[in-house]
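The values are calculated or read from the model by the stated rules, or taken from the named source; none is laboratory data. Since the model is a prediction, treat every value here as computed from it, not as a measurement. As a convention, Cβ positions derive from the backbone with ideal geometry for all residues, glycine included, and neighbour counts pool all protein chains shown.
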Amino acid sequence: MISIVYALLFYVASILLVVGLGMKIWRYATTPAPLKIPTMPAPLTKAGVGFRLFREVAFFESLFKSNKWIWLFGYIFHVALLVVLLRHLRYFQSDVWWWVKLIQPFGIYAGFAMVFALSALLARRFLVERIRYISSPSDYLMLLLLIGIGASGLAMKFVSHTDIIAVKIYMLGLMRFQIGDLPTHPALLIHLALVALLMIIFPISKLLHGVGIFFSPTRNQVDDSRTKRHIAPWAKKLEEGEDR
Amino acid sequence: MKKLLILVLMIFAFFSTAVLAQSLFPNIPKATGNEHPQGNEFMRINHMDMLRHERDMTMREGIRDVDNSLAQCISCHVVKGTDSKPVTIESEEHFCRVCHDFAAVKLDCFSCHNSVPEEGLKTSFKHPDANGSLNAVMAYLEETAK
């Protein structure tokens, strides 16, 4: 029974994540950016913009320039999350890639780093008065959700194990639309339910900053306003109509 | 939106016809000897804690008199190769490796311990002189200290 509930949960969550994210990306991509507003100094070429976005995604450059503490914990969290996600790839491939095997031991340290950094970010929401004043429920919810995922995952490693062979067989089955038996281990069920919840709310939450960064006019525009006129299609139509 | 739904359903239909290959799953070899008193499920989940090298206990305090020994695991869970000899950890057929490879969990027991059963030995050290005899270990240490 639980196996079927979780299978449906993951199918629904996957569809909502992929379709929802696709719709959001489409909306971002088709939203007009009528003004030339790159944050200066901005790159003069398209390749330069690519490099700027790369620095933004890989090093969180803007955040580093604006706040060192948030950058430190935010960066630790994001890198740790990446390593942890890569470590989890082993549950979804029958022949595990060599570099995924290599990354396994680091994933455990990353799990701790992730929960530590998230706790620091949560503490910031409580302890810094200005931040407490502007924090909304969703700010807390995202942090608590991610902490819950990390803590339940670590609990399975260090407190009470589950049968990971059975889990992997279940997951490989799900990917081939066959529902097997999921172990009914409390930490596992909590872990998976929280992950599914994260997938479901991802396209309608602040977590969209992960794709939103690529569509930020202040980051993705070239500084060429003196060589090339920036005009939105609708504005161009209006201008052409002037001759009427 | 309607088109999208149809597309999703088509993808579902395509994949649901694919048959799940049995070779995806680990083929766990049968063991000899008595069943585990705690049951197989318990062993699957907790064998690593039972086997964990209690470094302070075994190495510093010299307590070797524990209930669970790797040598015992190895002797029941032996897998015979085509030459009807026990296969070592080098072989993918080895009992431990079947699941450990599947889950991508590294095994480091066998860099010191023997991965095949040996007659009349209570411990599983690779170095033949180190098996249980303190004198042999001391002699080995003295020899290497020179």
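Listed conditions (1) under 26 Å from A:Tyr11 (Cα atoms); (2) surrounded by fewer than 19 Cβ atoms within 10 Å (Cβ to Cβ); (3) in contact with a Lys or Arg (Cβ under 9 Å, 6 or more places away or on another chain) are all met by A:Ile165, apart from (2). Of all the numbered requirements in (1) without any contact (Cβ under 8 Å) to a residue 12 or more places away in the chain; (2) closer than 16 Å to A:Leu16 by Cα, A:Thr227 misses one, and that requirement is (2). Of A:Leu174, A:Leu198, A:Leu182, A:Leu143, all but one fail to be in contact with a Ser or Thr (Cβ under 7 Å, 6 or more places away or on another chain) and crowded, with 18+ Cβ neighbours inside 10 Å; the exception is A:Leu182. Looking at B:Val78, is it modelled with pLDDT of 85 or more, surrounded by 14 or more Cβ atoms within 10 Å (Cβ to Cβ), more than 14 Å from every other protein chain (Cβ to nearest Cβ) and not in a helix (DSSP H, G or I)? In short, yes. Picking from residues in region A:11-41 that are of a type in the set (S, T, N, Q) and in a helix (DSSP H, G or I), the one that is surrounded by the fewest Cβ atoms within 10 Å (Cβ to Cβ) is A:Thr30.
Residue count for region A:42-56 satisfying the condition of being farther than 12 Å from A:Ile213 by Cα and touching a residue at least 12 places away in the same chain (Cβ under 8 Å): 7.
Tell me yes or no: at least one residue of region A:150-163 is away from every other protein chain (no Cβ under 12 Å), of a type in the set (A, V, I, L, M, F, W, C) and either under 24 Å from B:Asp101 (Cα atoms) or touching a Ser or Thr at 6+ places or on another chain (Cβ under 8 Å) (or both). Within region A:150-163 (the criterion being away from every other protein chain (no Cβ under 12 Å), of a type in the set (A, V, I, L, M, F, W, C) and either under 24 Å from B:Asp101 (Cα atoms) or touching a Ser or Thr at 6+ places or on another chain (Cβ under 8 Å) (or both)), the answer is yes, since at least one residue qualifies. Hey, does region A:42-50 have a residue that's of a type in the set (A, V, I, L, M, F, W, C), in a helix (DSSP H, G or I) and under 20 Å from the mean Cα position of the chain (by Cα)? Scanning region A:42-50 turns up no residue that is of a type in the set (A, V, I, L, M, F, W, C), in a helix (DSSP H, G or I) and under 20 Å from the mean Cα position of the chain (by Cα). No other residue among A:Ile131, A:Ile164, A:Ile169, A:Ile108 is at pLDDT below 95, more than 24 Å from A:Leu86 (Cα to Cα) and touching a helix residue (DSSP H, G or I) at 6+ places or on another chain (Cβ under 9 Å) apart from A:Ile131. Candidates B:Phe110, B:Phe102: the one that is part of a helix (DSSP H, G or I), aromatic (Phe, Trp, Tyr) and either within 12 Å of chain A (Cβ to nearest Cβ) or over 28 Å from A:Leu102 (Cα atoms) (or both) is B:Phe102. Just wondering, is there one or more residues in region A:209-226 that are part of a helix (DSSP H, G or I), away from chain B (no Cβ under 14 Å), charged (D, E, K, R) and surrounded by 13 or more Cβ atoms within 10 Å (Cβ to Cβ)? Yes - at least one qualifying residue is present in region A:209-226.
I'd like to verify a number: residues in region A:73-122 that are free of Cβ contacts under 8 Å to residues at least 12 places away in the same chain and touching a Phe, Trp or Tyr at 6+ places or on another chain (Cβ under 9 Å), how many? The qualifying residues number 2. Being at pLDDT below 95, more than 19 Å from the chain's Cα centre (by Cα) and more than 14 Å from chain B (Cβ to nearest Cβ) is the requirement here; does A:Ala33 meet it? Judged against the criteria, A:Ala33 is a match. Candidates in region B:81-92 are the residues that are crowded, with 16+ Cβ neighbours inside 10 Å and part of a loop (DSSP other than H, G, I, E, B); of these, the one that is farthest from the other protein chains (Cβ to nearest Cβ) is B:Val87. Can you find even one residue in region A:62-82 that is in a helix (DSSP H, G or I) and either acidic (Asp, Glu) or within 14 Å of another protein chain (Cβ to nearest Cβ) (or both)? Checked against the condition, which is being in a helix (DSSP H, G or I) and either acidic (Asp, Glu) or within 14 Å of another protein chain (Cβ to nearest Cβ) (or both), region A:62-82 yields no hits at all.
Of all the listed residues (A:Ile179, A:Ile200, A:Ile190), the sole one being touching a helix residue (DSSP H, G or I) at 6+ places or on another chain (Cβ under 6 Å), more than 18 Å from B:Phe102 (Cβ to Cβ) and not in a helix (DSSP H, G or I) is A:Ile179.
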